[in-house]
Each structure stands twice: as C-alpha cells, then as structure tokens.
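Below is one structure, written out as structure tokens; comments come after it.
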Amino acid sequence: MLNKKIIAAAVAAAFTQAALADVNLNTGATGPIQIANETIDGTDIVSGNLIVTNLSGVGGSDIDVNSALGFTIGEGTSKYVRVDLDGATFGAVPVLTMTDSVGTALVVGTDYTATISQGGAVGDDYVIFEVAAVSGGGDLAPTDRVDLSAGTYRMAPYSVGSVSNVTYNLYETAADSVNETASLYTRGDGLLTVLNASNITNFTDENTLVATVASGFTQFEPDTGVATTTTGATGSLDASDFTPATNFFEPDGTLVINTDILDDSQNVVFTGDFSFGTWTFETAAACDGSGTVLTPTINTAMDTATLTAVADTAIVAQDWYLCVTVDGTETIMKSQYDITLVDDALTDGMGEIIYDTTTIEVPYLTTFADYNQRIYIINRGTTDAAYTMTFVGEAATTITPLAGATGVVPAGEMVALRAVDVVDLTGRTRVSATIEVEGTDGSISAATQTINLENGGTDTVVLNANSITSYRHPVVTDHD
C-alpha cells in the first residue's frame with residue numbers, strides 16, 4: 001500500500017500533467033471537439049439531437065474522455081468514477097479502459113475491472129463505473145489514466161456556438177458518486193461544440209474594367225487588368241477562401257476538407273448587364289480559353305447568367321474568372337456584377353464595368369418647335385475632352401442621335417449644343433440624356449438653357465450640383 005504522503009504527492013503531480021487531456025483530439029489538445037456547422041444536414045438529426053460519431057484513427061474525431069485516475073485505488077479495493085455530460089447524452093453505452101502514466105495499457109481482469117453501476121444507457125447524461133484494483137495486480141496509481149469512450153454522442157442544443165461539457169469525478173463510495181458529494185478528484189472541459197469552419201463572408205476578388213469614351217465604349221482601357229482591349233475579367237472566385245479552419249470534423253467523425261464547406265452540386269448565378277459581348281466562367285486569368293471554360297445561360301432580360309449543377313470539387317480546385325469578350329463594335333454597358341452560390345446562399349461582388357468619363361445626367365431635353373434648348377459643356381482641364389450622349393424616351397418616341405451627340409470639348413473652352421443638333425425625335429419631343437465626358441468633375445461642368453420663343457422666357461439649369469459623377473481610376477479589390 002502507498003502511505004498518505006506518497007498519495008498526496010502523486011495527486012499533486014496528476015493535477016500538473018498537461019498531457020492528461022479530457023478530450024483527446026490526437027494532437028494533445030483539450031476539448032471541445034469542433035463540429036462544422038456547414039456539414040450538418042437532416043440525416044445527422046434524430047429526435048432533435050445532433051448525432052456525433054466518435055471516430056478513432058487518423059483523420060477521426062476520437063472523442064475520448066481522458067483523465068488521471070486522481071487517487072490511489074488499493075489492491076483488492078474499489079472506488080467510483082463518475083462522468084457527467086452537460087448539453088449532451090450518450091448515444092451508445094460508454095466503455096472505460098485504463099493505461100499507466102506512460103501509456104501502457106492496463107489489463108482488464110489482471111490489473112483492474114470496470115463495471116457500470118449506474119447510468120450509461122443510451123440517452124443518459126452520466127455514467128458511474130465501479131473501478132477495482134484486482135487482488136495480486138497491485139495498486140492503481142493516481143497517475144494512471146482513465147479513458148472513457150462512447151461510440152456516439154447526442155448533442156442538444158446544436159446551434160452555432162453551442163457547447164456541451166464533460167466532468168470527471170472520482171468518489172470513495174457508491175453513495176458519494178450517486179449523491180455527488182466528497183469528490184476525491186475532479187476535472188472538466190468542453191466535449192463538443194458546433195462552429196462555422198469557414199466563416200465565409202467574402203470569396204471573390206473584384207476587378208474594374210473601364211470602357212473608353214475614345215472608342216465609343218466599344219473597347220476597354222488597356223491598363224485596367226484586361227487581357228486585350230476586347231477581353232477582360234470583371235472579377236474572380238478565390239478558391240482559397242473555402243479552406244476550412246484546422247481540426248474541424250463532420251458529425252460522422254471525419255475531418256472537414258474544403259469540399260465539405262459547399263453543397264456537392266449547385267447552380268452558380270451571376271447578376272449584372274449581360275446584353276453585350278460573350279460571357280464565360282474560366283480558370284484562365286487571361287480569359288483566353290486555355291483553361292476550363294463554362295458558358296452560362298443568359299435569361300431573356302439579360303440581367304442574369306446561370307451555370308447549372310457546378311460540382312463543389314470544381315469550385316474549390318482553383319480560381320475562376322468571370323470573363324467578357326466584345327467584338328470592338330458593340331457598345332459596352334456600365335454595370336455592377338455579383339455571384340451567388342445558390343444552395344449555400346453565398347453572395348459576393350464580381351466587379352464592375354465603368355466608363356473613363358464624367359457622367360452628366362440631363363433629366364429633360366426637348367426639340368419642341370416653340371423652344372430653343374441648348375446644352376453647355378465646359379472643360380476647364382488642360383486636355384481636350386471627348387464626349388458622347390445617349391438618350392432615353394417614352395415608348396412612343398423614336399430617337400435618332402445626330403452628329404452633335406458625339407464630339408470634343410477643347411481644353412479650356414466651352415461648347416454650346418442645340419438640342420435639335422444632337423437628337424432627332426418623332427412621336428414625342430422630349431427625352432432624357434446622359435452625357436459621358438472624358439474628364440474629371442473638377443474640370444467639367446454643364447448646364448441647359450431653354451428659351452421660350454413666344455415670350456422670350458429663359459430657364460437655365462446648372463447640372464453640376466447633383467448629376468455629375470466622375471470616373472476614378474480603379475484598383476483590384478481583394479476581399480481577403
């Protein structure tokens with residue numbers, strides 16, 4: 001037998017042994033083991049409980065409750081080990097095994113016996129084992145390790161952030177273990193927790209393509225990350241953003257990998273203006289077709305492009321680029337673009353197309369015969385500024401742009417344009433106009449003046465105050 005001084009020293013040593021983790025993650029770390037919320041589906045839920053499998057081996061969850069015995073059990077005597085779960089219950093009958101302080105397995109029947117005396121049934125949240133030191137096998141030392149393992153656990157609640165805990169106690173008598181009084185040794189830690197393994201909020205890198213006024217908005221500015229003046233990527237899906245944090249597990253006990261974060265197969269939907277060019281989703285940053293190319297289906301309204309049943313393995317394998325190719329004659333439209341992984345309800349930006357201009361909105365332009373309306377554009381800059389106009393009218397209006405709808409405002413000068421020289425209207429005599437001017441809003445200003453030819457009345461509207469939006473040279477936006 002050990003004397004009391006030796007027992008006291010052994011118990012003190014047991015309290016300081018960091019290797020005695022309550023939940024063995026095969027890394028020497030303590031619990032709780034992390035279950036990835038993204039991997040939970042209906043098959044993992046039984047009667048409101050999340051079923052978590054204790055899977056041993058490399059890449060397995062190995063949810064074993066490990067503790068120092070904590071107090072000597074003299075040869076031929078017994079004590080009682082009680083393990084309590086909080087926020088979880090046993091999904092299978094637990095088993096208790098023992099090893100010595102260096103990890104050598106103790107032999108059941110020769111060194112010890114462990115018999116469930118109370119609890120431990122499926123659905124119970126505690127178990128009491130009577131642990132005996134077999135006669136002739138010597139004492140069980142305080143530093144011997146107790147390993148408790150159940151094949152499955154039931155966790156409730158199981159929302160993101162919920163935690164279940166485990167507590168180990170050693171008692172002298174059965175009555176103490178049942179009444180939870182006079183514990184000789186206690187130890188506790190987290191058992192299971194549900195967390196997001198990825199916390200994906202941003203998974204794209206956004207780019208800005210610039211269509212130039214000099215080309216009549218039929219080509220891209222060559223220094224905005226485009227492959228050619230007619231081909232570029234508005235943005236890209238960053239595959240690395242789907243990499244989960246380490247030491248996360250699925251409910252079946254297997255280690256979480258990147259494909260576990262996403263649905264196996266789902267639609268990928270892009271929104272924006274797809275009324276021009278040829279749109280593809282490619283793995284080549286140059287958008288030259290040298291990698292894998294997927295061609296989305298564009299809807300009738302040309303504001304949505306859809307890829308059907310894209311595999312999660314494809315999404316996470318490499319980066320993907322939303323590419324557009326124009327023919328150099330069609331008009332490129334300004335637009336913002338987004339991407340949505342439908343089943344996973346993940347949406348992020350996929351860049352934009354803008355013009356290298358200051359945009360001037362003219363809410364009312366008329367060619368009515370009794371009015372004489374002019375548009376004044378002033379360029380205070382040191383370089384000439386090209387401009388172009390587009391028009392929007394009512395359904396009954398036929399709009400024909402005239403020569404004055406495009407031109408150049410010389411540096412340091414002003415141009416005055418008569419409405420009847422920039423647009424021809426039939427059906428109605430009124431439209432709204434958008435003027436794109438190659439220059440910054442600090443250098444460009446504009447106004448309209450309408451003269452009533454019958455009474456000489458004049459109405460002048462300065463457009464600068466609330467209608468001018470200037471182009472800023474873009475930079476690539478990396479959401480990381």
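Below is a table of values for the structure above.
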read-out	value
Segment 68-160, relative contact order in percent, only Cα pairs under 8 angstrom and at least six apart counted	46 percent
Among VAL213, THR234, THR110 - extreme Cα towards positive end, dipole of the chain, charges at beta-carbon	THR110
Total charge dipole magnitude, the chain, about the Cα centre, Cβ charges on Lys, Arg, Asp, Glu only, Debye to nearest 20	740 debye
Inter-label distance, nm, simple model (7 Å from Cα along the C-beta direction), ARG380/VAL46	7.7 nm
Between helix 4-15 and the chain: long-axis angle, C-alpha atoms, 0 to 90°, nearest 10	20 degrees
Listed residues ALA311, GLY123, ALA386: farthest to the positive end of the dipole of the chain (Cβ charges)	GLY123
Global form of segment 43-196, assessed from the alpha-carbon gyration tensor, a/c cut-off 1.5	prolate
Accessible surface ranking that places the most exposed of ARG380, ARG418 first, with a 1.4 angstrom probe	ARG380, ARG418
Highest average packing first - 141-148, 120-127, Cβ atoms within 10 Å	141-148, 120-127
Full-extension gain in nm, ALA182 to ASP264, via 0.36 nm per residue minus C-alpha separation	24.2 nm
Shape of segment 344-452, Cα gyration tensor, a/c cut at 1.5	oblate
Which of LYS79, LYS334 is most accessible, then next, and so on - probe 1.4 Å	LYS334, LYS79
Backbone N under 19 Å from the THR406 label point (7 Å along Cα→Cβ), restricted to segment 341-372	354-360
Accessible area in square angstrom per residue, segment 45-129, 1.4 angstrom probe	38 Å²
Carbon + sulfur, % of accessible area of the chain - ligands and nucleic acids excluded, 1.4 Å	52 percent
ILE451-THR201 pseudo-label distance in nm [points 7 Å out on the Cα-to-Cβ vector]	5.9 nm
Mean residue ellipticity (222 nm) of the chain, computed from DSSP H runs ≥ 4 via -39,500 (n - 2.57), nearest 500	-1500 deg cm²/dmol
Where segment 242-369 is the region considered: accessible area per residue in Å², 1.4 Å probe	42 Å²
Accessible-area ranking of MET350, MET302, largest first, probe 1.4 Å	MET302, MET350
√(5λ) per eigenvalue of the Cα gyration tensor, the chain, largest first, Å	77, 21, 19
Using a Förster distance of 25 Å, the FRET efficiency for THR304-THR329 (Cβ separation, nearest 0.05)	0.50
Positive-end residue of VAL58, VAL461, THR254, charge dipole of the chain with Cβ unit charges	VAL461
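The values are calculated or read from the model by the stated rules, or taken from the named source; none is laboratory data. The model shown is predicted, which means the values in this text are computed figures rather than measured ones. All Cβ positions, glycine included, derive from the backbone under ideal geometry; neighbour counts span all protein chains shown. Surface areas here come from the heavy atoms of the whole protein model, side chains and all, with no ligands, DNA or RNA. Shrake-Rupley method; radii C 1.70, N 1.55, O 1.52, S 1.80 Å.
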